[in-house]
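K.L.:
Following this message is one structure expressed as structure tokens.
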Amino acid sequence: MSMIAKKKSGKIVEMLGCYNAEEVAEDLEHLTIVFSPASFPLKWSNSSLSANFLANYFENFFPTAEEVENDVAKRYPENIQTRLVVRDSINYIVNELMENAVKFHYNSELEIVFTLRLDREYLSFLATNSVNPDTMPKFYALIKRLTTEDPNELLIELLENAAANGKTTESGIGFVTIITNHNAKIGWKFETIQVKGASDKINVTTMVQLPVIKEF
């Protein structure tokens, strides 16, 4: 899926993959973390600390496996995601998205913003960071593969390439793993501000939607 809209202000908005703009409503249960690279140096440890914090908070909205099994009153759907599964998924997805946002953030004057929202259908992860315009063709090529190819076959290929090149952080492996191992949907929103006499400023928001109810 791709949608492009150019606004009078000179901003171009483009959405790719499974980016659901309706899921960003502010009235949902959510937490937002903001990093300001211009004020403080970014540290990799912030990703794991943030992931643990968000997992600790949101896991409490979900029952344990024992609670679901012994749910005589039928308070929970039989196929609801259980607490341990949700915690593991949150930890992995938050770490992956935050590390990518920090690693590829281009403009230190812009903030890195991470939000996790919960509704009756999904846990929605949104990570926003700036992008180097020169790297956009490579990024688009990766997104095309992620949205058109079989994710399991793509994951095998990327892992084999990483092993052959000795690079365990091969670009794209984390995104594909989110899809294959966590049954989540992923999409991107690009916002480009065109400035006369200067390079375009590009922000990308990566959205991951993790189902609250198991999909069989």
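K.L.:
Between a first residue in the range 69-86 that is under 9 Å from K214 (Cβ atoms) and a second residue that is surrounded by fewer than 10 Cβ atoms within 10 Å (Cβ to Cβ) and at pLDDT below 85, which pairs have beta carbons less than 9 Å apart while being 6 or more apart in sequence or on different chains?
P.N.:
Filtered contacts from the range 69-86: N79/E215; N79/F216.
K.L.:
Exactly one of (1) in contact with a Gly (Cβ under 6 Å, 6 or more places away or on another chain); (2) over 24 Å from P211 (Cβ atoms) is unmet by T147. Its number?
P.N.:
(2)
K.L.:
Also, I was wondering about something else. Please find, within the range 72-90, the residue that is nearest to F139 (Cα to Cα) out of those that are surrounded by fewer than 18 Cβ atoms within 10 Å (Cβ to Cβ) and of a type in the set (K, R).
P.N.:
Top of the filtered list is R75.
K.L.:
Next question. With respect to A101, determine if the residue is among the small types (G, A, S) and under 22 Å from E29 (Cα atoms).
P.N.:
Spelling it out, it is not the case that A101 is among the small types (G, A, S) and under 22 Å from E29 (Cα atoms).
K.L.:
Hey, any hits in the range 158-167 for a residue that's closer than 21 Å to Q209 by Cα and modelled with pLDDT under 95?
P.N.:
Residues of the range 158-167 that are closer than 21 Å to Q209 by Cα, as a first pass: none.
No, because not a single residue in the range 158-167 is closer than 21 Å to Q209 by Cα and modelled with pLDDT under 95.
K.L.:
Within the range 120-211, considering only strands (runs of 3 or more DSSP E) that don't extend past its boundaries, which have at least 2 residues that are surrounded by 14 or more Cβ atoms within 10 Å (Cβ to Cβ) and of a type in the set (G, A, S)?
P.N.:
By residue number, 122-131.
K.L.:
Scanning the range 91-104 for residues that are in contact (Cβ under 8 Å) with a residue 60 or more places away in the chain and crowded, with 21+ Cβ neighbours inside 10 Å, which turns out farthest from P211 (Cα to Cα)?
P.N.:
In this case the residue turns out to be A101.
The values are calculated or read from the model by the stated rules, or taken from the named source; none is laboratory data. Remember, predicted model here, so these are calculated numbers, not experimental data. Neighbour counts run over all protein chains shown; Cβ positions are idealised from the backbone, glycine included.
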